[in-house]
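Asks: Structure incoming, see below.
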Amino acid sequence: MLSIPGQYLARYRGLATGAGTTLPVTGAQRRFILVRALDPTGRPDLVPMFFAFPRGTVDPARLAAAARRLAALHPVLRGRPGVLRGTPVLRLEQPEVPVVRVPRAPGEDAGTALRRALGSWAPGGPPLRLFLTDDGPDGGADTGTGGGADGEGYGSGAEREVLAIVLDHTACDGRSLARIVEELGAAYAGEPAAGPPAPEDVAAELTAYRESVLRQLDAEDRAASPEALGYWGDRLRDVRDRAPAPRPGAPAAGALPSGSASALLPSAAGGVPFPEVLDACRAAVRALYGTGHVVPLGYPWGGRPPGAERVLGCFLNTVVFPASTGPAASGAEATADAWWDDLDRADVPFDTVVQAAREAGSGWSGRLDGLLTVDDARQRPPLRLAGVEGREVHVDGRPVRGPFAVSVAQGRQLRLRMVWDRAVWDDRTARGAFDALADALGTTARTPAAAG
């Protein structure tokens, strides 16, 4: 019997379409397409980056030309998710990257204006869009606590503007963001009247992208072995959807500005090993869900398949960690042992893992009750536009996909952030969970793991 990725490969290869007009999708892209389809509002998962510049730095016309050159070169930046005879695909369209200047309503700051702009995102449009707004006197973008920017922004809010580079998650993963920032800055620094990329470069990038996705699908098919499916079935048999329903009288999930909390923690040289961060998340899970549960926590992992080109796209799989809140499975050592076993089967795509869990008797729907991302802030290049370096900032209050999410940026310090859906968790409960997480991670960060 063919696995889910094997079935998808067979169906895609059976499509009688022009090779240059449709592209296959990875398991990660299938997940985001499915999540969007199941959302009552069709809300996509968005990946925004926010950069503060001195007011007047950004030339919108020059920025739009630079962004169009990127979209013309990289197939995934001009692809639109679609379904062809029941098979998810990416349809190639003409390169289009809107640069929208977002006016602030009376009393609004930059953060509020940008949240409003992202909230009106039309799902059927280009996967890359840029938004620019002047900041207000009171700021609104949280400077110095975003992914990788130390220090303060450019002057007061009245003296700066904020640029949002926003991607549909089907078009990128964390490993694509650094290249997008680097190439956008390089294209902006080029001649303003520079034409599109050479046709041979566009054709080469298209071939590399298609081959990389097909390699990824082959790897996913091989990973979905009977042994791996049995492993995940056993591993996730006790997982259930644990998040409570929206609180009485609360709007639907995602309708309220999300709550958030952040902290800077000391970091040992080399950062904190991932399984220790994962184990620290148990403290937050326990504070939210109580003891005696197994809560599905997801995190991105993986990369381009061996031999694949360094193409932009969405390749990172979402791995499910069953976060037990009972005492028997607690402790960093037990978490690390289980995590290493998980990594041996981490290439099994998410939809296949969900199917394995359900066939093993779990009542889990596939919804994740928590998300964890860990980034190395030292690997993200700064965005430079005409020689001016933007300061990466954070905009709070954006909708969160799921009850809560934790992000950790490793650098000279650990930048810890947690966001939560206020329709599910009240602020007092969520802040208590964040405090438990910060306490657990703070202890871990101050105590380097013993070598063994």
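Asks: For the range 355-446, which fully contained strands (runs of 3 or more DSSP E) count at least 2 residues that are open to solvent by less than 10 Å² (accessible area, probe 1.4 Å), closer than 25 Å to Leu316 by Cβ and in contact with a helix residue (DSSP H, G or I) (Cβ under 8 Å, 6 or more places away or on another chain)?
Replies: Strands (runs of 3 or more DSSP E) meeting the threshold: 370-376, 404-410, 413-420.
Asks: Separate question: Tyr209 - would you say it is of a type in the set (Ser, Thr, Tyr), assigned to a helix (DSSP H, G or I) and over 28 Å from Gly82 (Cβ atoms)?
Replies: Answer is no for this residue.
Asks: Still on this structure, please answer the following. Looking at the range 188-202, which of its residues are part of a helix (DSSP H, G or I) and at pLDDT below 95?
Replies: If the condition is that a residue be part of a helix (DSSP H, G or I) and at pLDDT below 95, then Ala189 is the only one that fits.
Asks: Are there any pairs, at least 6 apart or on different chains, whose C-beta atoms fall under 7 Å, with the first in the range 1-16 and of a type in the set (Gly, Ala, Ser) and the second assigned to a helix (DSSP H, G or I) and open to solvent by 30 Å² or more (accessible area, probe 1.4 Å), and if so, which?
Replies: Ser3/Asp221; Gly6/Asp221
Asks: For Pro300, state whether it is under 21 Å from Pro349 (Cα atoms) and assigned to a strand (DSSP E or B).
Replies: yes
Asks: So which of Ala105, Ala110, Ala141 ends up being modelled with pLDDT of 90 or more and either in contact with a strand residue (DSSP E or B) (Cβ under 9 Å, 6 or more places away or on another chain) or under 17 Å from Ile180 (Cα atoms) (or both)?
Replies: Only one candidate passes the filter, namely Ala110.
The values are calculated or read from the model by the stated rules, or taken from the named source; none is laboratory data. Because the structure is predicted, anything quoted here is derived from the model rather than measured. Don't worry about glycine lacking a Cβ; one is built from the backbone with ideal geometry, like all the others, and counts go over all protein chains shown. The area values use the complete protein model at the heavy-atom level, side chains included, leaving out ligands, DNA and RNA. Shrake-Rupley method; radii C 1.70, N 1.55, O 1.52, S 1.80 Å.
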